[in-house]
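Here is the structure we will look at, set down as structure tokens.
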Amino acid sequence: MANSWVNSAERIGSDLHLEMSGPGGRRTALIRALREAVRDGRLAPGTRLPPYRSLAADLGVARNTVADAYAELVAEGWLTARQGSGTRVAERAEPLRPAARVPKRAPPRVRGPRHNLLQGTPDVSAFPRAAWLASYRRALQQAPNEVFGPGDPAGRAELREALGEYLARARGVRTEPGRIVICSGFAHALRLLFGGGVLRGPLAVEAYGLGFHREILADAGVRTVPLPLDEHGAQVDRLGRERAVLLTPAHQFPTGGPLHPARRAAVIDWARARNGLVLEDDYDGEFRYDRRPVGAVQGLDPERVIHIGSVSKSLSPAVRLGWMVLPARYVEDVLAVKGEREAWVSVLDQLSLADFIVSGSYDRHVRRMRQRYRSRRDRLVAALAEHAPQVEVTGVAAGLHAVLRLPPGTEASAVKAAAWQGIALDGLAAFRHPDADMAVSDGLVVGYATPSEHAYGPAVEALCGALPPPSTGDARP
Ligand SMILES: Cc1ncc(COP(=O)(O)O)c(C=O)c1O
């Protein structure tokens, strides 16, 4: 019995087409067919259904089959049954209506730029699929059953222990697992700390930084105050009445210099004297090419610094895994904002990352990517020296992007010229705080990690060809 026309259902008032097909027995098929009829509006709310006997006769099924189906749908709330008024479609059983307004989405971009040198992404073609899969498999095999219950908002102990050991060894962070709270990345950390009311503004930030982070803070009602930058990094001696300062000490984002050692000490002195707090965004701290990475500022005073990191640059921004290393007095407040159970970060991903770190895969991957990015930076510097010697690469040999200094007044036209050549990149101005009263030199921010290995050479070649020619004053013999 695939289809049945029910037309003796006089109370329904019109023929009712019930599609009695699909898996399961007749009772199941009838329940499914009636649900469908209510859902798509063929059976309107309030409609009286035929008595068991007549529907059973029409469909060629037993009377009990219909009675059972009705009872099931009454229990589910699709139908109501009242003494004397028979079985009706429930008033609340709303038929499916087309959405009043389907939100318009931008059509997917089918063609990106020919050469993507936008900063912000590691080489995604290098994601360590096999090693991650091995960690995931081990994590799943070894996980006790309680892993599949609600997660601890602090994060899995296995991951916090692995991170505590790793951050001490690789970044000079001083902590223990009880001070680490897992989050989905730096942006999430900002939302928890400021959106959740753990910290309040005004917050000093570097005069150049990610606009996206400033927007998160503005949405949380936090006023950000730009700190000027010079060749030694943020001018922390200009800190005023702010309660906290957000810095990228290892590698200023995006201008590319490390915070001078005297300024690292000075900002800790400021925090101690003013009961202030330093937020350390350690977004690419592992990637230093000319020397060992400089340790985290957090190591100078774990009670005055919140150290924040994520795997977004080291592994992938799609994994959405990060951590906050907190002074003891903030742990309870942050956990209260996170709620009773983990609601953001998959516990299985946390266990995979713990295994990835403990098994040595994380170190191996970072070492491999360090070599790759270092060689890319070297290639960029060499190509510019040969083909565009008027353009200087500034900042230290570190991270996943470089800044090319341009002659004053040429940045906007250089970004445009690059776009004409199919090259996507940003100028430094795109990162400037709107209230900043200083500007660094004109420059281009080149995300040399972004292209895959085979696409990098052509991207650098195209970039060299698109750079502004030397002005007469700059011309070299
Ligand atoms: C300056 C800066 N901070 C932090 C991050 C990391 O952000 P998230 O962990 O939210 O992906 C990035 C981007 O990867 C960044 O550019």
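The values are calculated or read from the model by the stated rules, or taken from the named source; none is laboratory data. These numbers were taken from a predicted model, which means no experiment stands behind them. Cβ: placed from backbone, ideal geometry, glycine included. Neighbour counts: every protein chain shown.
Restricting L192, L227 to residues that are more than 21 Å from the chain's Cα centre (by Cα) and at pLDDT 95 or above narrows the list to L227.
Checking A250, A207, A162 one by one, the residue that is closer than 29 Å to G339 by Cβ, modelled with pLDDT of 95 or more and assigned by TED's automatic domain parsing to the domain that holds A273 is A162 and no other. Determine whether R292 is touching an Asp or Glu at 6+ places or on another chain (Cβ under 9 Å) and not in a strand (DSSP E or B). So R292 does not fit the description; no. Of all residues in the range 404-437, those satisfying the criterion of being farther than 17 Å from P254 by Cβ and in a helix (DSSP H, G or I) are S413, K416, A417, A419, W420.
Residues are listed down the side, and each one gets a yes or a no for (1) crowded, with 24+ Cβ neighbours inside 10 Å; (2) away from the ligand (no atom under 15 Å from the Cβ); (3) in contact (Cβ under 8 Å) with a residue 12 or more places away in the chain; (4) over 30 Å from Q141 (Cβ atoms):
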position: D284; (1), (2), (3), (4): no, no, yes, yes
position: D290; (1), (2), (3), (4): no, yes, yes, yes
position: E303; (1), (2), (3), (4): no, yes, yes, yes
position: L315; (1), (2), (3), (4): no, no, yes, no
position: V325; (1), (2), (3), (4): yes, no, yes, no
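Identification of strands (runs of 3 or more DSSP E) wholly contained in the range 179-256 with 1 or more residues that are more than 16 Å from the ligand (Cβ to nearest atom) and β-branched (V, I, T) yields 224-227. With the requirement that a residue be surrounded by 18 or more Cβ atoms within 10 Å (Cβ to Cβ) and more than 22 Å from G120 (Cβ to Cβ), what does the range 336-365 give you? Scanning the range 336-365 gives K338, E342, V347, Q350, L351, S352, A354, D355, F356, I357, S361.
Of these, D349, D333, D363, which one is in a helix (DSSP H, G or I) and within 16 Å of the ligand (Cβ to nearest atom)? Please lay out each step first, then the result.
On the way: D333 fails: within 16 Å of the ligand (Cβ to nearest atom); D363 fails: within 16 Å of the ligand (Cβ to nearest atom).
Step by step, each of D349, D333, D363 is checked, and only D349 is in a helix (DSSP H, G or I) and within 16 Å of the ligand (Cβ to nearest atom).
When V319 is tested against (1) within 16 Å of the ligand (Cβ to nearest atom); (2) in contact with a Lys or Arg (Cβ under 8 Å, 6 or more places away or on another chain), just one condition goes unmet, and that condition is (2). The residues on offer are P153, P249, and the sole one that is touching a strand residue (DSSP E or B) at 6+ places or on another chain (Cβ under 9 Å) and closer than 30 Å to D290 by Cα is P249.
Within the option set V415, V396, V403, V347, being assigned by TED's automatic domain parsing to the domain that holds F186, among the β-branched types (V, I, T) and touching a Gly at 6+ places or on another chain (Cβ under 7 Å) holds for one residue only, V347. Of all the residues in the range 55-70, those that are touching a strand residue (DSSP E or B) at 6+ places or on another chain (Cβ under 9 Å) and surrounded by fewer than 16 Cβ atoms within 10 Å (Cβ to Cβ) number 1.
To keep it simple, each residue is scored yes or no on (1) modelled with pLDDT under 95; (2) more than 24 Å from A234 (Cα to Cα); (3) of a type in the set (D, E); (4) surrounded by fewer than 20 Cβ atoms within 10 Å (Cβ to Cβ).
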position: A424; (1), (2), (3), (4): no, yes, no, yes
position: A430; (1), (2), (3), (4): no, no, no, yes
position: Y448; (1), (2), (3), (4): no, yes, no, no
position: P458; (1), (2), (3), (4): no, yes, no, yes
position: A475; (1), (2), (3), (4): yes, yes, no, yes
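What residue, of A388, A462, is closer than 20 Å to P113 by Cβ and in contact with a Leu (Cβ under 6 Å, 6 or more places away or on another chain)? Result: A388 is the single residue among A388, A462 that is closer than 20 Å to P113 by Cβ and in contact with a Leu (Cβ under 6 Å, 6 or more places away or on another chain). Does T175 satisfy the criteria of being within 27 Å of R292 (Cα to Cα), within 15 Å of the ligand (Cβ to nearest atom) and assigned to a loop (DSSP other than H, G, I, E, B)? The answer is no for T175. K338 meets the conditions (1) touching a Gly at 6+ places or on another chain (Cβ under 9 Å); (2) within 30 Å of L117 (Cβ to Cβ) in every case but one. The failed one is (2). On the basis of being farther than 18 Å from P177 by Cα, out of contact with any helix residue (DSSP H, G or I) (no Cβ under 9 Å at 6 or more places or on another chain) and not in a loop (DSSP other than H, G, I, E, B), does A273 make the cut? Against the criterion (farther than 18 Å from P177 by Cα, out of contact with any helix residue (DSSP H, G or I) (no Cβ under 9 Å at 6 or more places or on another chain) and not in a loop (DSSP other than H, G, I, E, B)), A273 qualifies. Taken as a whole, the range 366-378 holds no residue that is surrounded by fewer than 17 Cβ atoms within 10 Å (Cβ to Cβ), outside the structural domain of D152 (by TED's automatic domain parsing) and outside any helix (DSSP H, G or I).
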